[in-house]
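Okay, structure first, notes after.
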Amino acid sequence: MNFKVKQRGLFILGVTICLAVAGLSVLVERLIPGELLGASIIALFMGTVINSFFHPTWIKPALKFTSKRILKVAIILLGASLSVSTIMSVGKMTFFVMIFTFAVCFGGGFFIRKLFGLNWKLSNLISAGTGICGGSAVAAIAPVIDADDKDIAFAMSSTFLFDMVMVALYPVMGMLLGMTDIAYGIWAGTSVNDTASVVASGYAFSEIAGDFATMVKLTRTLAIIPTVLIFAYIGTRIKQKELKQMGAGQKVSIVKIIPWFICGFLLMAALNSIGLIPGDAATIIKGISKFLMVTALAAIGLNTSLLDFKKAGLRPMFYGITVDTLVTLTALGVIRCMGL
């Protein structure tokens with residue numbers, strides 16, 4: 001009995017450490033001007049540094065719970081920030097741009113990953129972060145393909161580094177190209193990764209461009225749903241093949257393929273769309289979602305060491321930069337073809 005009480009106490013302490021790292025990351029984010037560095041990436045790196053000096057075995061169960069379960073709860077609550085009205089208002093104008101950028105991310109990424117020798121899980125996490133919505137997409141897809149914490153950390157780092165450069169370069173390039181506010185808003189909203197980076201690069205161009213880029217980004221976030229379902233199916237089929245090779249059989253069940261947290265995500269989005277979630281409540285829920293996601297990324301960082309990054313080398317970074325650059329050029333080309 002005393003052993004169970006001790007284990008429970010250590011588990012709570014482990015989760016508390018993750019929450020503390022997340023809280024500290026939020027404070028650091030507020031001290032950095034211009035939203036150039038989000039709390040999520042701060043928590044990831046802070047956790048990684050701490051793990052280099054402090055990595056007891058007793059904290060492992062708490063890290064697993066936080067990086068898996070709490071992460072899924074954060075994804076569910078994220079749905080409260082989406083609505084059908086937002087999608088309809090910008091969907092027609094951005095549909096073709098998104099189709100082409102997704103094709104480049106996942107189609108082109110399939111071939112490019114072979115050049116860099118990356119495993120399919122890591123490459124697709126980076127592609128999802130690039131094509132959909134940065135850390136949120138990485139976080140949503142990771143559980144359904146059983147991605148390692150190390151792969152999640154590498155994918156987050158890759159998309160983050162590109163965003164840091166693009167926040168500074170996008171407004172300058174948009175002005176040099178003579179882009180209109182709407183055209184620039186579509187370009188930034190469809191090709192910059194993380195939401196904070198989209199907001200920063202959008203408003204650096206103009207207020208109208210910033211407003212439109214943010215709406216495009218929210219619409220783009222909905223691509224999480226079909227993408228997660230597709231990868232859930234792929235992950236199930238791969239497991240099925242592995243079991244067959246071991247002499248066991250497993251049928252692909254539609255019920256098992258659909259992740260429960262995505263159903264929750266859809267439910268929250270539906271409730272928000274029909275007005276059952278008041279605006280103030282939606283803002284609070286979105287804030288809770290963001291903090292829980294930061295907490296989950298703190299846990300992932302606490303389970304990743306700087307040595308893991310050294311072993312991975314520069315290949316994930318170069319892969320991410322290559323895919324990001326192709327997406328940037330593709331989005332710009334499609335926008336020009338549309339005459340915007």
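The values are calculated or read from the model by the stated rules, or taken from the named source; none is laboratory data. Since this is a predicted model, take the numbers as computed values, not measurements. Ideal geometry is used to build each Cβ from the backbone, glycine not excepted, and the neighbour counts take in all protein chains shown.
Within the stretch 161-183, does at least one residue satisfy the condition of being touching a helix residue (DSSP H, G or I) at 6+ places or on another chain (Cβ under 9 Å), within 18 Å of ILE234 (Cβ to Cβ) and β-branched (Val, Ile, Thr)? No; the residues of the stretch 161-183 include none that is touching a helix residue (DSSP H, G or I) at 6+ places or on another chain (Cβ under 9 Å), within 18 Å of ILE234 (Cβ to Cβ) and β-branched (Val, Ile, Thr). Residue under question is THR57, and the condition is that it be within 21 Å of the chain's Cα centre (by Cα) and at pLDDT below 85; does it hold? The answer is no for THR57.
Might you check whether a residue that is assigned to a helix (DSSP H, G or I), modelled with pLDDT of 80 or more and at negative phi occurs anywhere in the stretch 302-311? Yes - at least one qualifying residue is present in the stretch 302-311. Look at the stretch 190-218 and say how many of its residues are over 17 Å from ALA168 (Cβ atoms) and at pLDDT below 80. Qualifying residue count for the region: 7.
Taking first residues from the stretch 161-186 that are within 20 Å of THR322 (Cα to Cα) and partners that are of a type in the set (Asp, Glu) and buried (at least 20 other Cβ atoms within 10 Å of the Cβ), the Cβ contacts under 7 Å between residues at least 6 apart in sequence or on separate chains come to PHE162/ASP324; ASP163/ASP194.
Scanning the stretch 119-135 for residues that are farther than 18 Å from VAL199 by Cβ and of a type in the set (A, V, I, L, M) yields LEU122, LEU125, ILE126, ALA128.
Residues in the stretch 180-200 that are in a helix (DSSP H, G or I) and closer than 15 Å to LEU332 by Cα: how many?
Going through the stretch 180-200, the residues in a helix (DSSP H, G or I) turn out to be 181-191, 195-200.
So of that shortlist, the ones also closer than 15 Å to LEU332 by Cα come out as 181-191.
Looking only at that region, the number is 11.
Here is a yes/no grid of residues against (1) crowded, with 22+ Cβ neighbours inside 10 Å; (2) in contact with a strand residue (DSSP E or B) (Cβ under 7 Å, 6 or more places away or on another chain); (3) modelled with pLDDT under 75; (4) of a type outside the set (A, V, I, L, M, F, W, C):
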residue	(1), (2), (3), (4)
LEU13	no, no, no, no
LEU24	no, no, no, no
PRO33	no, no, yes, yes
VAL49	no, no, no, no
ALA62	no, no, no, no
ALA74	yes, no, no, no
GLY91	no, no, yes, yes
PHE96	no, no, no, no
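Scan the stretch 217-229 for residues that are aliphatic (A, V, I, L, M) and touching a Phe, Trp or Tyr at 6+ places or on another chain (Cβ under 9 Å) and the total you get is 4. Right, VAL192: under 15 Å from MET98 (Cα atoms), touching a Ser or Thr at 6+ places or on another chain (Cβ under 8 Å) and either of a type outside the set (Ser, Thr, Tyr) or buried (at least 23 other Cβ atoms within 10 Å of the Cβ) (or both) or not? Yes, satisfied.
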